[in-house]
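Data block below; observations after.
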Amino acid sequence: MISNQILLNTIEGLKAITRVDLCVSDTEGKILASTFQDAEDYEQAIVNFVESPADSQVLQGYQFFKVFDENQLEYVLLARGAGDDVYMVGKVVVFQIQNLLVAYKERFDKDNFIKNLLLDNLLLVDIYNRAKKLHIDISVRRIVFVIETRNENDSNALETVKSLFAARNKDFITAVDEKNIILVKELKPTESYEDMDKTAKVILDMLNTEAMSKVHIAYGTIVHEIKEVSRSYKEAKMALDVGKIFYSDKNVVAYNNLGIGRLIYQLPMSLCRMFIKEIFDGKSPDDLDEETLTTINKFFENNLNVSETSRQLYIHRNTLVYRLDKLQKSTGLDLRVFEDAITFKIALMVVKYMNYMETLNN
């Protein structure tokens with residue numbers, strides 16, 4: 001996995017320090033990097049050394065070493081120089097190459113790749129090259145779920161999610177911060193958003209019962225290329241935030257079902273303040289008392305139906321009309337008029353969004 005150029009740079013740097021000539025070959029005797037010219041002459045000696053039980057050996061005036069990667073023979077190192085320090089230098093070089101192997105395995109590890117993919121830390125060419133090396137399909141349908149746990153670093157929740165998808169080796173489960181578990185799920189050609197909602201509810205039920213963890217789950221849109229996975233992740237993150245602001249009663253939120261909340265979430269704060277000032281003349285829906293807010297919300301729930309709203313609130317119809325008239329006098333908006341009702345509903349959502357953003361900034 002280490003490139004020949006990296007190997008060459010490493011042994012040339014070590015030769016400059018130690019004045020010991022070095023050569024690295026594969027287990028079949030092919031020279032990968034060398035600081036001297038006639039390294040190819042030792043290919044047969046390398047093959048013989050590979051077949052021997054020794055980890056190091058002197059052959060034809062060179063000190064030979066085996067370089068292992070987790071008990072798997074990866075390279076053969078040749079060292080040549082004057083003095084008794086050649087063996088010690090050779091062992092140091094073996095140690096250095098083994099550390100390079102560990103570093104490069106971590107770099108190309110699937111979990112590391114998925115994290116960098118989600119966070120947009122990879123160039124397009126790197127995405128395809130690394131996916132190929134890691135045997136990850138490039139052009140399949142995928143979707144990203146974000147599972148937010150109440151507690152930071154919830155290992156029980158993470159292990160529960162991993163066990164739930166253990167049989168599916170093409171799904172990836174990772175964590176990019178303390179509170180969010182990320183599931184990158186590969187989909188069958190027939191799976192739809194309805195199936196994704198069912199999957200989210202299965203995860204929710206499992207975490208509630210097995211891990212005893214209260215969570216919120218959001219998912220993005222289905223993508224067809226590996227380069228688009230980060231977009232689905234960003235959509236899921238947005239859906240999670242929008243869900244907290246506008247749909248706090250829901251534990252599962254889908255990006256493609258956010259409604260007007262998606263639009264409001266993307267408004268700049270300056271525009272929101274201007275809108276609220278224009279509608280309420282410097283006042284805010286937050287200034288309304290609890291009774292009035294309850295009346296308004298119930299009126300909206302019943303599609304502006306006065307009779308049904310008064311029945312559910314256990315109040316006389318005239319009492320409801322009085323409250324609506326009082327609201328009209330204070331705000332200039334008559335909720336019995338569809339246009340005014342829409343304006344007021346949007347204003348309530350904008351105020352929720354502003355309060356949420358102010359909480360984040362404090």
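To the nearest 10 Å², what's D289's accessible area with a 1.4 Å probe?
Its heavy atoms expose roughly 80 Å² to the probe.
Between D120 and V47, what is the spin-label point distance in nm, taking each point 7 Å from the Cα along the Cα→C-beta axis?
5.3
For the chain, build the charge dipole from Cβ charges (+1 Lys, Arg; -1 Asp, Glu) around the Cα centre, then report which of F36, S284, T190 sits farthest towards its positive end.
S284
Using a Förster radius of 22 Å, what is the FRET efficiency between K227 and Y104 based on their Cβ-Cβ separation? Nearest 0.05, please. Could you put the intermediate results ahead of the total?
Details: r = 23 Å, r/R0 = 1.04.
E(calc), rounded to 0.05, equals 0.45.
At a probe size of 1.4 Å, how large is the accessible area of K30, to the nearest 10 Å²?
Rounded to the nearest 10, the figure is 130 Å².
Taking 37 °C and 0.692 mPa s as the conditions, I'd like the Stokes-Einstein D for the chain in µm²/s, using the Kirkwood hydrodynamic radius from alpha carbon pairs.
Values: Rh = 25.9 Å.
After rounding, the answer is 127 µm²/s.
Taking +1 at the Cβ of each Lys and Arg and -1 at the Cβ of each Asp and Glu, which of L293, A218, V202 sits farthest along the dipole of the chain towards its positive end, judged by Cα position relative to the Cα centre?
L293
Hey, got the dipole for the chain? About the Cα centre, +1 on K and R Cβ, -1 on D and E Cβ, debye to the nearest 20? Please list the in-between numbers first.
Numbers: 44 positive and 54 negative charges, 268 e Å.
That gives a dipole near 1280 debye.
Separation between the K170 and D195 pseudo-spin-labels, each 7 Å from Cα along Cα→Cβ, expressed in nm?
Reported label-point gap for K170 and D195 is 1.1 nm.
Ratio of Rg to Rh for the range 271-337, alpha carbon only, Kirkwood?
A ratio of 1.00.
Once the Cα gyration tensor of the range 215-362 is found, what semi-axes does its equivalent ellipsoid get, as square roots of 5 times the eigenvalues, in whole Å, sorted largest first?
Numbers: eigenvalues 223, 67, 32 Å².
The equivalent ellipsoid of the range 215-362 has semi-axes of 33, 18, 13 Å.
How compact and how long is the range 9-81, expressed as Rg and Dmax of its alpha-carbon atoms in Å?
When restricted to the Cα atoms of the range 9-81, Rg and Dmax are 11.4, 31 Å.
The values are calculated or read from the model by the stated rules, or taken from the named source; none is laboratory data. This one's a predicted model, so the numbers in the text were calculated from it and none came from an experiment. All Cβ positions, even for glycine, are placed from backbone atoms using ideal geometry, and neighbour counts span all protein chains on display. Ligands, DNA and RNA are excluded from the accessible area calculation, which covers all protein heavy atoms including side chains. Shrake-Rupley method; radii C 1.70, N 1.55, O 1.52, S 1.80 Å.
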